[in-house]
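K.L.:
Okay, handing you the structure first.
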Amino acid sequence: MGTDDLHWLEITELAKLIQLRRVSPVEVVEAMLARIDRLDRRIHAFVRTTPELALEQARHAEARIARREYLGPLHGVPIAFKDLNWTRGVPTGAGMPMFRDWLPPCDGTVVERLRTAGAVMLGKLQMTEGAFADHHPAVTVPLNPWHPDHWVGASSSGTGAAVAAGLCFGATGSDTGGSIRFPCTANGVTGIKPTWGRVSRFGAYELAATLDHVGPMARSAADCGLLLGAMAGADPNDPTASRQPVPDYLGGDERSLAGLVIGIDDAYVAPVEPAIAEGLRAAADVLRRLGATLRPVRMPDVEPVIADWPVDCAVQTAVAHARTFPARRAEYGPGLAGLLEMATTVSGIDYQRVLLRRADFTGRMHALFGEIDLLLMPGQVWASPTVAQMARLGQDPSQFSALVRFTAPFDSSGHPAITMPSGFTAAGLPVSIQLAAGHFREDLLVRAGRAFQRETDWHRRHPRL
């Protein structure tokens, strides 16, 4: 296979070629850097590339593989990191111009683990300011590779665009209110928001500590399972990281979903646009054919936890930014500054009520997952919204509530979810489905995702660039 054909491969496919030495990590990295140089001046997915480091790591991988010291399916595979993941020797700005040149003292845990698995770093990916909703006004916003007039997603905007455009084979994202799942939907890629605590947050710039989830984004559920398996696990640098063993996420039988019960709440999923509804119906049919039982369920009331999410996020973000806000208020963009100012209006009593409602919702979700294995829903309410449409979002609180309807509740409860392409609009833009599971049941998400993607080819379709 020529290097001109490599960029759309899944990690599982590329890994076999590298292991068999049909392609070399150096050849792959050189091809990817050339592609980034050609396309990213238009897409703006990368904050910076690290070509010298990437080639050094690729040469090291190639030499080890030649000595039969193969580390596994990420060895020699070029990936990228969201610019909130600490990278020793490479600036980590978290979408904030004030931190543009800040050099972390070490790699974050996720970066260290992926490097230990042999992955090669191509560079750092653009994101919204501090991982909140909007890009800083001084930042060039990444473009959606499918159509520049359509939303690229937030906050892992660069990750979604880079994976979709074939500029890396996988990358990290983070999700506090939907920031892995929105870019996956917008760009037609696959991502997993893990259980809170499944992946260490050490060395990941904080937005809201108890809502932040670090996870993988890639072209397939199998690729996300590979990345998550390397990222996850206990960490002495993060005492909130779970000590539960990390399973082999690719060890399940993806050929059949027999025995799995998948719940769907028709009322919960009703307020969506026609293309999304059609994708959801078609996905349900595929899951049934694979042997799953679909069962009507009733979701706990999501309205209180959706209404509380901005307050919860604001208070926690104020703690994370205490050293720079309000002291450096002039250097903040309006979106993040507005969130931080909101925090000053919340009393301790009001915040305790938020926490109690969140605990109540989480308990009810635990009960629901005692009855079913997975919950099926859309990725979002709107089918590929435009940039102009999303720019008006802050003018209508009900529109923000609609946006996070299928995302924020699972950040509040900490339950894991996978987002996958499920079709296209009439204009040829991607839509998605989402599956959620009980705490630490990412194995079920990967199994169901792999089965779904064996039967469909939505994830194998790519934008014309």
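None of the figures in this text is laboratory data; all of them are computed from the coordinates on show. A quick note: this is a predicted structure, and the numbers were derived from the prediction, not measured. Using ideal geometry, Cβ is built from the backbone for each residue, glycine included, and neighbour counts are taken over all protein chains shown.
K.L.:
Among the candidates G428, G449, which residue alone is in contact (Cβ under 8 Å) with a residue 24 or more places away in the chain and not in a helix (DSSP H, G or I)? Walk me through how you get there before you give the answer.
P.N.:
Numbers: G449 fails: not in a helix (DSSP H, G or I).
Unique residue meeting the criteria: G428.
K.L.:
Separate question: Can you work out which of the residues in the stretch 98-115 that are of a type in the set (D, E, K, R) and out of contact with any helix residue (DSSP H, G or I) (no Cβ under 6 Å at 6 or more places or on another chain) is surrounded by the fewest Cβ atoms within 10 Å (Cβ to Cβ)? Spell out how you get there, then give the answer.
P.N.:
To start, the set of residues in the stretch 98-115 that are of a type in the set (D, E, K, R) comprises 100-101, 107, 112-113, 115.
Right, trim to out of contact with any helix residue (DSSP H, G or I) (no Cβ under 6 Å at 6 or more places or on another chain) and you get 100-101, 107, 112, 115.
On the way: R100: 16, D101: 9, D107: 22, E112: 21, R115: 19.
Filtering the stretch 98-115 for residues that are of a type in the set (D, E, K, R) and out of contact with any helix residue (DSSP H, G or I) (no Cβ under 6 Å at 6 or more places or on another chain), the one surrounded by the fewest Cβ atoms within 10 Å (Cβ to Cβ) comes out as D101.
K.L.:
Another question, if that's okay. Of the residues D308, D301, which single one is part of a loop (DSSP other than H, G, I, E, B) and under 18 Å from G414 (Cα atoms)? Before the answer, list the steps.
P.N.:
Working: D308 fails: part of a loop (DSSP other than H, G, I, E, B).
Residue meeting the stated conditions: D301.
K.L.:
On to the next question. May I ask you to say which residue of S412, S398 is in a helix (DSSP H, G or I) and surrounded by fewer than 22 Cβ atoms within 10 Å (Cβ to Cβ)? Before you say what the answer is, go through the steps one by one.
P.N.:
Working: S412 fails: surrounded by fewer than 22 Cβ atoms within 10 Å (Cβ to Cβ).
After ruling out the rest, the residue left standing is S398.
K.L.:
A further question on this structure: Condition (residue is crowded, with 24+ Cβ neighbours inside 10 Å, more than 22 Å from A383 (Cα to Cα) and within 10 Å of the chain's Cα centre (by Cα)) applied to the stretch 220-231: is it met by at least one residue?
P.N.:
Yes, the conditions are met somewhere in the stretch 220-231.
K.L.:
For the stretch 313-369, name all the residues that are surrounded by fewer than 19 Cβ atoms within 10 Å (Cβ to Cβ) and part of a loop (DSSP other than H, G, I, E, B).
P.N.:
A322, R323, T324, P326, A327, R328, T344, T345, V346, S347, listed by residue number.
K.L.:
Among the residues of the stretch 451-465, write down those that are buried (at least 22 other Cβ atoms within 10 Å of the Cβ) and either of a type outside the set (F, W, Y) or within 25 Å of S413 (Cα to Cα) (or both). Break it down into steps so the answer makes sense when it comes.
P.N.:
Within the stretch 451-465, the first condition is being buried (at least 22 other Cβ atoms within 10 Å of the Cβ), and the residues that meet it are 451-453, 459.
Passing the criteria: A451, Q453, H459.
K.L.:
Spot the failing condition for G414; the list is (1) touching a His at 6+ places or on another chain (Cβ under 8 Å); (2) more than 19 Å from I306 (Cβ to Cβ), and only one is missed.
P.N.:
Failed condition: (2).
K.L.:
Answer yes or no: is there a residue in the stretch 77-97 that is surrounded by 16 or more Cβ atoms within 10 Å (Cβ to Cβ), more than 21 Å from the chain's Cα centre (by Cα) and either over 16 Å from G203 (Cβ atoms) or small (G, A, S) (or both).
P.N.:
Among the residues of the stretch 77-97, not one is surrounded by 16 or more Cβ atoms within 10 Å (Cβ to Cβ), more than 21 Å from the chain's Cα centre (by Cα) and either over 16 Å from G203 (Cβ atoms) or small (G, A, S) (or both), which makes the answer no.
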